[in-house]
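The structure under discussion appears below in the form of structure tokens.
The values are calculated or read from the model by the stated rules, or taken from the named source; none is laboratory data. Keep in mind that what you see is a predicted model, and the values were worked out from it rather than measured. Here Cβ is always computed from backbone atoms with ideal geometry, including for glycine, and neighbour counts include all displayed protein chains. Heads up: the accessible areas ignore ligands, DNA and RNA and are worked out on the full protein's heavy atoms, side chains in. Shrake-Rupley method; radii C 1.70, N 1.55, O 1.52, S 1.80 Å.
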Amino acid sequence: FDIAMPVFYVVNFLIAAFGSYFLLKTLSLNTYASVFGAISFTFSSAMILRIPHTAVLQAVALLPWILAILTIYVKKPTLKMFVLLSLLLSQFFLTGFVQLFVYSILVFYLFIFLYWKVSINKNFVKCCLSLIPAIILALTLSAIQLLPSLELTQHSTRKSGVDPNIILNSFIFSPKNL
């Protein structure tokens with residue numbers, strides 16, 4: 001563990017740095033702006049504050065790569081970019097932070113919309129629909145984690161939902177005590 005965790009952090013920060021640089025170059029920024037942006041993202045609070053949360057750190061480090069490949073795929077959809085996007089999305093899901101995966105899919109559609117509005121003249125609906133098979137393939141590749149998780153949720157104490165009253169009444173710092 002003395003070697004593994006520092007290597008884990010270095011690798012994830014390098015993934016974030018190179019991914020940010022690649023994303024910014026994909027968006028046609030010059031080299032200086034891309035380097036500055038990559039350094040800024042890599043050492044931003046989005047990364048630094050995630051150090052204790054390894055699953056979130058891994059997911060956030062993959063975001064620039066996914067956005068860069070998504071940008072390339074929206075510009076010119078090819079089978080290679082489709083497979084690469086699906087593979088990255090599956091790795092994003094396999095980081096173990098499913099909530100961020102779901103939120104990110106929504107952000108990816110917003111990104112496509114904004115990118116479409118600003119720079120490409122393709123059919124917006126076609127661009128959005130072309131992402132659905134990539135998400136399905138990513139979930140299929142992630143089935144090794146997805147299927148057991150779905151099965152285990154049936155045995156969870158939260159399968160029927162969580163009553164807000166239980167949470168609010170068991171909270172240590174109850175509003176009536178503040």
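For the reader, a short list of remarks on this structure follows.
- Scoring 12-18, 84-90 by mean Cβ neighbours within 10 Å over their residues and listing the highest first yields 84-90, 12-18.
- Cα centroid of the range 68-115 to Cα centroid of the range 12-44, whole Å: 18
- Cβ-Cβ FRET estimate between I48 and L106, R0 fixed at 30 Å, reported to 0.05: 0.75
- For the chain, the extents of the C-alpha atoms along the principal axes are 54, 37, 36 Å, listed from largest to smallest.
- Equivalent ellipsoid semi-axes, the range 60-116, via Cα gyration tensor eigenvalues times 5, rooted, Å: 18, 14, 8
- Using θ = phi - 60° in the Karplus curve 6.51 cos²θ - 1.76 cosθ + 1.60, the 3J(HN,Hα) couplings for the range 45-52 round to 5, 4, 9, 4, 6, 8, 4, x Hz; x is entered for Gly and Pro.
- Computed over the range 1-142: relative contact order in percent, which uses C-alpha pairs under 8 Å that are six or more apart: 23
- Portion, in percent, of the accessible area of the range 60-169 that falls on carbon or sulfur, probe 1.4 Å: 71
- Label-point separation in nm, A4 to Q154, each point 7 Å along Cα→Cβ: 3.2
- Per residue accessible area of the chain, 1.4 Å probe, in Å²: 65
- Estimated 222 nm signal from helices in the chain, with DSSP H stretches of n ≥ 4 weighted -39500 (n - 2.57), rounded to 500: -24500 deg cm²/dmol
- Cα shape, the range 81-159, gyration tensor, a/c 1.5 rule: prolate
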